[in-house]
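The values are calculated or read from the model by the stated rules, or taken from the named source; none is laboratory data. Only a predicted model underlies this, so the values are computations on that prediction, with no experimental measurement involved. Because the Cβ atoms are built from the backbone with ideal geometry, glycine has one as well, and the counts that use them run over all protein chains shown. Note: areas computed on protein heavy atoms with side chains; ligands, DNA, RNA excluded. Shrake-Rupley method; radii C 1.70, N 1.55, O 1.52, S 1.80 Å.
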There are 2 protein chains.
Amino acid sequence: MSAPTDPELRNALAALVGEANLYADPADKARYETGARYGNGKAALIVRPASTAEVAAVVRHCVATATPLIAQGANTGLVAASTPDESGTQVVLSLERLRSELVIDRANRTATVGAGVTLQELNDKLAEHGLCFPIDLGANPSIGGMIATNTGGARLIRYGDVRHNLLGVEVVLADPPGQVLDLMSGLRKNNTGYDLKQLFVGVGGAGGVITRAVVQVHPLPRQTATALIVPTTQQATLDLLIELESEFGDFLTAYEGMSRSTVQSVIDHVPGVANPFAPEPIPDYCLLVELAATSSREVLGVDLQGALNDFLERQFDVLVSNAVLDGGPDLWKIRHSISESIRHQGKLIAFDIAVPRSSMIAFRETAQRMLDQGFPWLRLFDFGHWADGGTHFNIVWPHDATPAYDADTVERLRVALYDLVVRDFGGSFSAEHGVGPYNARFYHRYASAESQALAGRVQRALDPARALGQVDFGPV
Amino acid sequence: MSAPTDPELRNALAALVGEANLYADPADKARYETGARYGNGKAALIVRPASTAEVAAVVRHCVATATPLIAQGANTGLVAASTPDESGTQVVLSLERLRSELVIDRANRTATVGAGVTLQELNDKLAEHGLCFPIDLGANPSIGGMIATNTGGARLIRYGDVRHNLLGVEVVLADPPGQVLDLMSGLRKNNTGYDLKQLFVGVGGAGGVITRAVVQVHPLPRQTATALIVPTTQQATLDLLIELESEFGDFLTAYEGMSRSTVQSVIDHVPGVANPFAPEPIPDYCLLVELAATSSREVLGVDLQGALNDFLERQFDVLVSNAVLDGGPDLWKIRHSISESIRHQGKLIAFDIAVPRSSMIAFRETAQRMLDQGFPWLRLFDFGHWADGGTHFNIVWPHDATPAYDADTVERLRVALYDLVVRDFGGSFSAEHGVGPYNARFYHRYASAESQALAGRVQRALDPARALGQVDFGPV
């Protein structure tokens, strides 16, 4: 049960954003209260401002009345950073109405957008100009949420993450409460002291609410080439990446590893997907390679797929033992269906991790051994962005397994696996999903004492009252 | 005259780094006391630690004794951030001995380096592996200095600046004094709260001394194509950039504009350089275009120069009125000789500015008009990185001009031009050189009150005693 909402708060917020944009009814509130994967609470109210000025007014009022405020974009995050807790006292500040602004500057190759504009909306508009915002994700987040999470995705090796493409932000600060910080320069070169926008990237809403942004956009590729490759050995997985970067470094947009279990799972559960290697069996491991070129076939004088095919032929029996060429959308369908398909296998225990590329082979081996020895009833469905070191190390607890699912064992598994990732392999316990209430305890376990001390000092400097953001990055 | 140096300080520092690495003699100190362009003072001592531990010990001692400390890399910066003032009381902390570490991880495509390693040393070693650190500059800075300045350069549009290629740093903190902050992960994906390394990028040594770094490196290009292009109109300069990014976005590494005066100056003063357009006269404005491909001609099936030539032929009389094709090193020699050649013309008044690309044409016109009207005896030698919006808007006061050179007029010019850049065109008064004692007054003039307040709070949080860094980024 949620606590009754203070009528004064209700009336004050309604006066700021309009009665129609304040939701107090459980049915209206529901979709703002539950996260895409984690986070399931109760909000006192949902407040939906339509402008930076309204956001500022809401922040001012909530800070003045010590009302906890949770910023929310499209609510597609995976660490519970944009949903309320179960207290029923928190107000969700939805930014979804900050979407009237979407201006493309063709000559500057930038887009200026409201924080509530979604990735899909942005890309639809950009496509009309032959441009794209190339952060590739399995969701449709808002731009504000993408900045707060610093999303990465499958094509990071070519285009970088959100941080790399962010030229400007506007932020409503926690302190002074409601002050608007305008950093909306669309400059690529501007070395004038602290790059203050970095303080609001990837911190899940700490210290301020992002209301607008200027992002760098890119020309849409005119041709792509794909192949599903079976490496000759595990070492060949890395060697092939090095070769591809050396030979096709300008074009490599994705190098996605998939274990046999993930491909099998897709074939078993997704209609219309067959073994792409038939009549050969599904290999132990395969790699989806994508090249993309801005230049058309006419300008380059050759097609990229042909060049990739020739390269793979030269690597046959050296680094490559089999390959499916030019599968395009069909191959990506396998890759994009993994997460959905493995839900049929049992209860998903997801790990969004990264290690240095040079450690990926050793990490996979060690982690598999740890699972075999300590948790033999669990099944691994891992797939990874080898080019950036990120891995979705998904583990499934089968419905019919013995022992039956229990949360304590899952927690023991989490700690054991993250310990391996961070302490033994120098990796990250959250490669691209960020830190939220769901995984804040791991931040405090793995960030060094020096890092936490410094982060805490920065966070307090920005937001002494800790009014915005759900995670305390200082020592606890 | 410098003040006499406290013998206790001298002895204490000598005990930390060894007598041989403490310079007190004027002849030994001289090369550390004068900057590459600005900054000419007197140091109490030069201290040259050889390890992170020695740097930490020096920082601890200097903070404890309230001794001002100036970190210095290769001392190639242009804003006086690494040289002492005239008081003779500051100690220069040279990082030049932190160069024993230079480790290349081929599979991770990274290099781990000591802060004193120079760009040239790094690139020489990388070249053996077919790799490069592609920040292109007219100097040979240390890696630590590059991070402290966030250097950009001529190829930013392809590779980004230092910030974009920095995967990890080690920093000796000002507070707690001498504490080592180890952020040396070589990860490309690591979204775990504040990206603390950003706090030490581009701030000229504020808050900490960078002692080591992990940088992302890139495959060396296997082929390049160049052309020196005359656009049909001023607008064509931007339109051609858009077309080139659209057709050759994967390859465009440089798009460097040069005004007639700069090309003429190089021809007049640099032996062996002739008018590349002869028998045509030097055009009003020309553009050095460079494409670079990791893929060899064999892999791509066509040479890049041929593709560029074909493109330019299609643009002839549309966006291009003349072009010199495939000039390679000769064309770059013109571009790289500009700064040197214009020193023959008179006293250089350099401006390192940026505006949004979409404003570059209007800015040039307006600035030229302002010069013609207010300072008609001055001569403009501007050249610009059009692809990233940066311009070296160099103005020369001819030796024989009337009126004669005077500093007050130069200051009036600086303020007038920077006002135009920042206030009228939303640009930057320091595109790539950073902020140091030389231009700190312009930071305080142009950074918004909100930005300065926030920057000051962050700086105080990191370094309450203001022990490291010469610029106070808070309000003054």
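Remarks
- Centroid-to-centroid separation of region A:94-135 and region A:408-425 [C-alpha atoms, Å]: 39 Å
- Only Lys, Arg, Asp and Glu carry charge here, each on its Cβ (+1 for the first two, -1 for the last two); on that basis chain B has a dipole of about 980 debye about its Cα centre.
- Across the copies of the chain, A:Thr65 has label points (7 Å from Cα along Cα→Cβ) spaced 5.8 nm apart, shortest distance listed first.
- Beta bridge orientation in the protein assembly as shown: antiparallel %, DSSP, nearest 5: 85 percent
- Report note on the peptides A:79-88, A:395-404: ranked by the mean count of other C-beta atoms within 10 Å, highest first, their order is A:79-88, A:395-404.
- Label geometry 7 Å along the beta-carbon vector: A:Ala14 inter-copy distances in nm: 8.0
- Prolate/oblate/rounded label for region B:222-362 (Cα gyration tensor, a/c 1.5): prolate
- Peptide B:212-224 is shielded by partner chain Cβ atoms: per residue, an average of 1 of them sit within 10 Å of its Cβ.
- The order of the peptides B:178-188, B:32-42 by mean Cβ neighbours within 10 Å, most packed first, is B:178-188, B:32-42.
- Spin-label pair B:Arg260-B:Ala20: with each label point 7 Å from Cα along the Cα-Cβ axis, the two points sit 5.9 nm from one another.
- Using alpha-carbon coordinates, inclination of helix B:360-374 to the longest axis of chain B, degrees: 80 degrees
- Region A:102-219, accessible surface, carbon-and-sulfur percent (1.4 angstrom probe): 47 percent
- From the alpha carbon centroid of region A:218-275 to that of region B:236-250 is 30 Å.
- Across peptide A:443-452, the average count of Cβ atoms from other chains found within 10 Å of a residue's Cβ is 3.
- Dipole check for the protein assembly as shown: with +1 at the C-beta of Lys and Arg, -1 at the C-beta of Asp and Glu, and the Cα centre as origin, the magnitude is about 1720 Debye.
- The C-alpha atoms of the protein assembly as shown occupy a region whose extents along the principal axes are 91, 63, 62 Å, arranged from largest to smallest.
- A Förster radius of 56 Å combined with the Cβ-Cβ distance from B:Asp400 to A:Glu298 puts the calculated FRET efficiency at roughly 0.55.
- Inter-copy label distances at B:Glu365, shortest first and taken from points set 7 Å along Cα to Cβ: 6.6 nm.
- Estimated FRET transfer efficiency (A:Val318, A:Lys347; beta-carbon r; R0 35 Å; 0.05): 0.30
- Accessible surface buried by the B/A pair amounts to about 7300 Å², both sides summed, 1.4 Å probe.
- Accessible carbon and sulfur surface of region B:7-94 relative to its total accessible area, %, 1.4 Å: 53 percent
- For region A:211-278: rounded, prolate or oblate by the Cα gyration tensor [a/c cutoff 1.5]: oblate
- Each label was represented as a point 7 Å from its Cα along the Cα-to-Cβ direction; for B:Asp419 and B:Ala36 these points are 3.2 nm apart.
- Dipole-positive endmost among B:Gly346, B:Ile334, A:Gln459 within the protein assembly as shown (Cβ charges, Cα centre): A:Gln459
- Positive dipole terminus of the protein assembly as shown, leading residue within B:Val169, A:Ala57, B:Leu78 (C-beta point charges): A:Ala57
- Reduction of at least 20 Å² in accessible surface, 1.4 Å probe, comparing all protein chains with the chain by itself, residues of region B:176-191: B:Gln179, B:Leu181, B:Leu187, B:Arg188, B:Lys189, B:Asn191
- Taken over the alpha carbons of chain B as equal point scatterers, the Debye sum produces base-10 log I(q)/I(0) values at 0.06, 0.07, 0.08, 0.10 Å⁻¹ of -0.29, -0.40, -0.52, -0.81.
- Accessible area expressed per residue, the protein assembly as shown, with surrounding protein chains retained (probe 1.4 Å, Å²): 36 Å²
- Counting Cβ atoms of other protein chains within 10 Å of each Cβ in B:243-252 and taking the mean gives 6.
- When the charge dipole of chain B is built from unit charges on Cβ atoms (+1 for Lys and Arg, -1 for Asp and Glu) and taken about the Cα centre, the candidate among B:Phe393, B:Ala440, B:Gln223 whose Cα reaches farthest toward its positive end is B:Ala440.
- Counting only DSSP beta bridges whose two residues both lie in chain A, roughly 85 percent are antiparallel.
- Region B:308-377: C-alpha gyration tensor shape, a/c 1.5 cut-off, then a/b vs b/c: oblate
- 5 angstrom amide H check on B:Asn322, placed H, neighbours 5+ away: B:Val230
- Around the Cα centre of region B:223-338, unit charges on the Cβ atoms of Lys, Arg, Asp and Glu (plus for the first two, minus for the last two) sum to a dipole of about 360 debye.
- With all protein chains in place and a 1.4 Å probe, the accessible surface of region A:223-339 carries 49 percent carbon and sulfur.
- Interface residues, region A:361-390 - accessible area loss of 10 Å² or more versus chain alone, probe 1.4 Å: A:Asp388
- Using the Cβ-Cβ distance between B:Val270 and B:Val476 with R0 = 51 Å, the FRET efficiency computed as 1/(1 + (r/R0)^6) comes to roughly 0.75.
- Label separation (B:Arg445 vs A:Thr233): 6.4 nm, computed from points 7 Å beyond Cα along the C-beta direction.
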